[in-house]
Amino acid sequence: MTLEDEHHQQPPKIIKKLQSIPTLLEELIVEILTRLPVESLLRCKSVCKLWCSLISDPHFIKSHLKLSSNRNNHANHRLIVSTAPKINFKTCNLYNVLYDKSIDAIELVYPLKHPSKSVWIVGSCNGLLCILVENDTLFIWNASTRRSNRLPKCGSKLMPRWYGFGYDTLTDDYKIVAISCLLKTEHDTEVNIYSLKTGNWKKLSDLPHGILFYDDGKFLDGAIHWVTKRDFSSLYSWTIVSVSLGNESYGEVQQPVYDEGYKHLTLGVVGEKLCVVCDYLKKCADVWVMKVYGEQDSWTKLVSVPYFSDPAGYQYSVPLCVSNDGKVLLQFGLKLLVYDSKNSLLLEIQNFDKCIETYTYVESLVSPDSSSGLVDNYVDVS
């Protein structure tokens, strides 16, 4: 056999050897991919048609979201901050804010960005952010995939003043509730709800228990929650009203028993639990959480954050997160603070400009276009 003949016979042997190398089972490939961050998964879609189809599959997207949403999975939980004087969105890893002094914040280019237009975050759910521009333009935005979807106006004769955004597990649909009101009269209110799956708005019955007090709705357990008031002459006559996204009915959530004294109440969600911050101005702010949703007896005082200096008219916000070792991240005026409850230390985060709004979100592949979860079907309005 000549050297040339031997050379021509090598490739089949090499191919046979390569074919004998064991490959990963498809189940293992899926297990590995579901644990990757979104940025890596978007790159993996270019590997082959099979991987592209797999990563775009609704079942894969839901499995990835479930793992990413785990509170112990710090890598996929992020903080988003709108800053001043220029309106910008910046994001960073939530875990790093609590434990790392050197925070690498990334600026995000959001849809419909304009230097003179105001922009607000209405809510965050499953990696999707609901954004309001100039009080009349809504869009859903996945900051991880950079996909977005501009929504039609609700058609109300009254300008909507409050919104709420959440996920309806019964219909696998994302919904927005818009509430409009005129002055401070209970009868001049209008409630409309938008379905991302149908692409339509529809009107609901009037809001009970007075009119909204302040702030946008807080989503938890399939419902959006607001604070309403009947008697504006009383400081504490507020009611927590819920709007179920499933059957689109109203409910009421009983509150904790607060201590006596002048206080400022703020509603929110922390650690997948309904939360009320009872701020005794210039003294301390008690953080209450409802451990079992709907059970008044389950309200528990989680932590009390003291004031270390004159607040100058500012109050503590609802905590953005509370770690297992007692660190509390919250906003105070235009500042971001971390309160170490075990050591009674209050530290300011130095790496951000003046903070207007702060929200948390989880990295996901969920589509802002529909509830199908496909990341390829979208409307980009950037």
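Laid out as a table, the results:
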quantity	calculated
Number of the exception - Cys52 against (1) surrounded by 12 or more Cβ atoms within 10 Å (Cβ to Cβ); (2) part of a strand (DSSP E or B)	(2)
Close pairs (8 angstrom Cβ cut-off, 6 or more residues apart or separate chains): over 19 Å from Asp279 (Cα atoms) in the range 330-353, among the hydroxyl-bearing types (Ser, Thr, Tyr) and outside any strand (DSSP E or B) anywhere	Asn351/Ser102
Top-ranked residue in the range 248-257 [being touching a residue at least 40 places away in the same chain (Cβ under 8 Å) and not in a strand (DSSP E or B); ranked as surrounded by the most Cβ atoms within 10 Å (Cβ to Cβ)]	Gln255
Hits in the range 73-114 - residues which are part of a helix (DSSP H, G or I) and either among the small types (Gly, Ala, Ser) or closer than 22 Å to Thr145 by Cβ (or both)	His74, Ala75, Asn76, Leu94, Tyr95, Asn96
Some residue of the range 212-219 being of a type in the set (D, E, K, R), assigned to a strand (DSSP E or B), buried (at least 20 other Cβ atoms within 10 Å of the Cβ) and modelled with pLDDT of 90 or more	yes
Only one of Ser317, Ser341, Ser298, Ser309 that is surrounded by fewer than 13 Cβ atoms within 10 Å (Cβ to Cβ) and hydroxyl-bearing (Ser, Thr, Tyr)	Ser309
Among the candidates Lys66, Lys86, residue that is charged (D, E, K, R), more than 22 Å from Glu357 (Cβ to Cβ) and surrounded by fewer than 20 Cβ atoms within 10 Å (Cβ to Cβ)	Lys66
Residues of the range 170-189 satisfying the condition of being of a type outside the set (A, V, I, L, M) and at pLDDT below 85	Ser180, Cys181, Lys184, Thr185, Glu186, His187, Asp188, Thr189
Residues satisfying the stated conditions in the range 38-51, i.e. closer than 22 Å to Asn126 by Cβ and not basic (Lys, Arg)	Val38, Glu39, Ser40, Leu41, Leu42, Cys44
Some residue of the range 275-282 being in contact with a strand residue (DSSP E or B) (Cβ under 8 Å, 6 or more places away or on another chain), surrounded by fewer than 13 Cβ atoms within 10 Å (Cβ to Cβ) and closer than 26 Å to Val122 by Cβ	no
Residues that are in contact with a helix residue (DSSP H, G or I) (Cβ under 8 Å, 6 or more places away or on another chain) and part of a loop (DSSP other than H, G, I, E, B), drawn from the range 287-339	Lys291, Val292, Leu320, Ser323
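The values are calculated or read from the model by the stated rules, or taken from the named source; none is laboratory data. What you see is a predicted model; the values in this text were computed from it and never measured. Reconstructed Cβ throughout: ideal geometry from the backbone, glycine too, with neighbour counts over all protein chains shown.
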